[in-house]
Amino acid sequence: MRKFNINVNGKSYFVEVEEIGGASVSAPAAPVAAPAPVAAAPAPVKATAEAGSTVVTAPMPGTILSLAVENGATVNKGDKIVILEAMKMENEIVATASGKVTFLVKKGDAVDTGAQLAAIK
């Protein structure tokens, strides 16, 4: 039984390795290069709507692919206002009321379920 201390991402682990058959190794093996760090996912957006506005929220987590209308445009209930990409599918998010839309997100933002996407007043 051989014993090792292994460091992974700055955390130390003690392990015991049992050698089964084969020739014994007299010299320690060359160190193995650590894997390249993985880039962190963008932080979800957390904006809030103005009081008295009707809020349009994200039905699922995803990424804002595009805004279908200009910020400040007048929309009718049921108009497409945001395209949300989730699980490699494009989901149309529609206005839940009629009025002037103010976006609380921008193209490329990562959002969680229930995140406020737009306010309509």
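The values are calculated or read from the model by the stated rules, or taken from the named source; none is laboratory data. None of the values given here were measured: they were computed from a predicted structure. We place every Cβ from the backbone using ideal geometry, glycine too, and count neighbours over all the protein chains shown. Keep in mind that these areas ignore ligands, DNA and RNA; they rest on the heavy atoms of the full protein, side chains included. Shrake-Rupley method; radii C 1.70, N 1.55, O 1.52, S 1.80 Å.
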Discussion item. Residues that are among the polar types (S, T, N, Q), under 12 Å from Phe103 (Cα atoms), out of contact with any helix residue (DSSP H, G or I) (no Cβ under 8 Å at 6 or more places or on another chain) and at pLDDT below 80: does region 36-51 have at least one?
Written reply: yes
Item to complete: May I ask you to list the residues in region 83-121 that are outside any loop (DSSP other than H, G, I, E, B) and under 21 Å from Gly52 (Cα atoms)?
Response: Ile93, Val94, Gly99, Lys100, Val101, Thr102, Phe103, Gln116, Leu117, Ala118, Ala119, Ile120
Practice prompt. Working carefully through the options Ala110, Ala119, Ala97, find the one that is surrounded by 15 or more Cβ atoms within 10 Å (Cβ to Cβ) and touching a Leu at 6+ places or on another chain (Cβ under 9 Å).
Written response: Ala119
Worksheet item: Of all residues in region 71-86, which are more than 11 Å from Thr102 (Cβ to Cβ) and either of a type outside the set (A, V, I, L, M, F, W, C) or surrounded by fewer than 14 Cβ atoms within 10 Å (Cβ to Cβ) (or both)?
Response: Thr74, Asn76, Lys77, Gly78, Asp79, Lys80, Glu85
Item to complete: Go through (1) of a type in the set (A, V, I, L, M, F, W, C); (2) open to solvent by 40 Å² or more (accessible area, probe 1.4 Å); (3) within 12 Å of Ile120 (Cβ to Cβ) one by one and return the number of the condition Met89 breaks.
Response: (3)
